[in-house]
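Following: one structure in structure tokens, then a few remarks.
The values are calculated or read from the model by the stated rules, or taken from the named source; none is laboratory data. Just so it is clear, the model here is predicted, and its values are computed rather than measured. Note: ideal-geometry Cβ built from the backbone for every residue, glycine included; neighbour counts use all protein chains shown.
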């Protein structure tokens with residue numbers, strides 16, 4: 001019987017595990033984190049909007065649609081765009097397409113509930129993946145041991161340790177740095193801020209920087225602080241080791257950051273800084289965001305494949321990252337099932353890899369095509385959002401998307 005490993009227990013890895021489990025195909029998931037505690041699902045996190053042809057299709061295929069629906073009430077599908085003076089440049093209720101929002105923590109918990117727990121090995125950090133003389137893939141987890149498998153799927157994110165088996169390409173700086181914060185029970189404790197950002201998503205953009213928010217679990221505001229710059233590590237170096245008060249002072253006093261912003265939009269950042277300081281005693285520095293080169297590809301190789309960010313890491317400005325990852329899981333599960341069926345009781349060494357290789361070549365080509373389209377879209381959006389007049393430029397983009405191009 002062929003041995004299958006999934007490296008990474010994020011949404012794509014867990015989704016793939018659930019889909020294989022439903023078809024009676026054994027596997028092992030290796031995840032570097034500890035198993036989430038019981039209340040992890042109620043912890044505020046970033047929101048993900050799922051799309052019908054990808055994320056929603058994967059949830060349906062997992063048989064989790066009915067359980068999924070009640071988890072989408074925290075964040076509306078609406079969108080607000082405003083400038084630094086809180087002047088709204090765009091507002092919508094989500095458009096015609098159904099794209100429900102779910103907290104990443106809730107999605108992870110949902111998928112985990114359907115995965116066989118005995119197939120998941122927690123606290124296994126992959127150090128390297130190598131090909132053995134016999135053609136199998138050896139996964140080195142240091143003190144946790146080395147394990148060999150016939151087929152390994154790298155779902156291990158931006159800095160994938162599986163990726164080097166297929167390509168030498170490495171992530172590159174995407175032009176912006178990010179920090180995340182949260183404001184709990186916003187409606188009751190900060191009604192002015194709750195009203196400012198609304199019940200859905202909000203983008204406040206000016207001078208090549210931005211504050212992005214989603215509503216998340218526990219009536220929270222989940223805040224992304226985005227600073228653009230040509231130097232990959234400049235803002236990270238400036239914000240490393242600061243106390244919460246020093247971080248707040250820097251962000252709100254430097255005119256190249258958020259110093260010139262109106263008191264209403266600046267209050268969002270100030271409140272988040274104070275709450276992070278009170279809750280955690282510190283604020284992590286802004287960290288660079290990375291992407292893989294546009295249109296990168298590789299040749300399919302026996303015994304290994306990539307999905308999700310490991311395959312096509314991109315900027316998050318098109319809402320496609322997790323959707324593409326779940327689509328990958330859906331398609332690769334079908335390919336694995338087909339190869340499994342072809343092999344039947346034939347357990348000769350290399351037989352499963354042989355059956356799977358042409359299916360992986362087909363999978364890769366489809367994945368390359370759709371991820372390339374999304375990567376170009378999100379890279380173009382990045383240049384729009386973080387322009388000198390980002391709020392108006394984003395509003396113009398949204399108008400084109402929702403209304404079509406103006407008549408000639």
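Tell me whether region 302-315 contains one or more residues that are farther than 30 Å from residue 174 by Cα and touching a helix residue (DSSP H, G or I) at 6+ places or on another chain (Cβ under 9 Å). For region 302-315, residues farther than 30 Å from residue 174 by Cα and touching a helix residue (DSSP H, G or I) at 6+ places or on another chain (Cβ under 9 Å): present. The numbered conditions (1) in contact with a strand residue (DSSP E or B) (Cβ under 7 Å, 6 or more places away or on another chain); (2) surrounded by fewer than 21 Cβ atoms within 10 Å (Cβ to Cβ); (3) at pLDDT below 95; (4) not assigned by the TED database to the domain that holds residue 101 are all true for residue 276 except (2).
The residues listed here are 76, 129; of these, the one that is over 30 Å from residue 262 (Cα atoms) and either surrounded by 14 or more Cβ atoms within 10 Å (Cβ to Cβ) or touching a strand residue (DSSP E or B) at 6+ places or on another chain (Cβ under 9 Å) (or both) is 129. I'd like to check something: does region 34-49 contain any residue that is outside any helix (DSSP H, G or I), in the same structural domain as residue 128 (by the TED database), surrounded by 19 or more Cβ atoms within 10 Å (Cβ to Cβ) and modelled with pLDDT of 95 or more? Taking every residue of region 34-49 in turn, none turns out to be outside any helix (DSSP H, G or I), in the same structural domain as residue 128 (by the TED database), surrounded by 19 or more Cβ atoms within 10 Å (Cβ to Cβ) and modelled with pLDDT of 95 or more.
For residue 69, the test of being over 24 Å from residue 394 (Cα atoms), in contact with a strand residue (DSSP E or B) (Cβ under 8 Å, 6 or more places away or on another chain), in the same structural domain as residue 366 (by the TED database) and in a helix (DSSP H, G or I) is failed. Of the residues making up region 132-144, not one is closer than 13 Å to residue 7 by Cβ, in a loop (DSSP other than H, G, I, E, B) and touching a strand residue (DSSP E or B) at 6+ places or on another chain (Cβ under 6 Å). You will find that of 338, 365, 373, 354, the residue that is closer than 19 Å to residue 19 by Cα and surrounded by fewer than 18 Cβ atoms within 10 Å (Cβ to Cβ) is 338 and no other.
Of all the listed residues (367, 402, 398), the sole one being touching a residue at least 24 places away in the same chain (Cβ under 8 Å), within 20 Å of the chain's Cα centre (by Cα) and either under 30 Å from residue 61 (Cβ atoms) or outside any loop (DSSP other than H, G, I, E, B) (or both) is 367.
Going through (1) modelled with pLDDT of 95 or more; (2) in contact with a helix residue (DSSP H, G or I) (Cβ under 8 Å, 6 or more places away or on another chain); (3) not in a loop (DSSP other than H, G, I, E, B) one by one, residue 102 falls short only on (1). Every condition in (1) touching a residue at least 40 places away in the same chain (Cβ under 8 Å); (2) surrounded by fewer than 17 Cβ atoms within 10 Å (Cβ to Cβ); (3) assigned to a loop (DSSP other than H, G, I, E, B) is met by residue 387 except one, and the failing one is (2).
Tell me, yes or no, whether region 106-119 has at least one residue that is assigned by the TED database to the domain that holds residue 384, crowded, with 20+ Cβ neighbours inside 10 Å and closer than 30 Å to residue 267 by Cβ. The answer is yes, given that some residue of region 106-119 is assigned by the TED database to the domain that holds residue 384, crowded, with 20+ Cβ neighbours inside 10 Å and closer than 30 Å to residue 267 by Cβ. Residues of region 286-308 that are part of a strand (DSSP E or B) and farther than 17 Å from residue 365 by Cβ: 287, 288, 289, 290, 291. Annotation note: of 259, 277, 319, 241, the sole residue that is more than 25 Å from residue 205 (Cβ to Cβ) and assigned to a loop (DSSP other than H, G, I, E, B) is 241.
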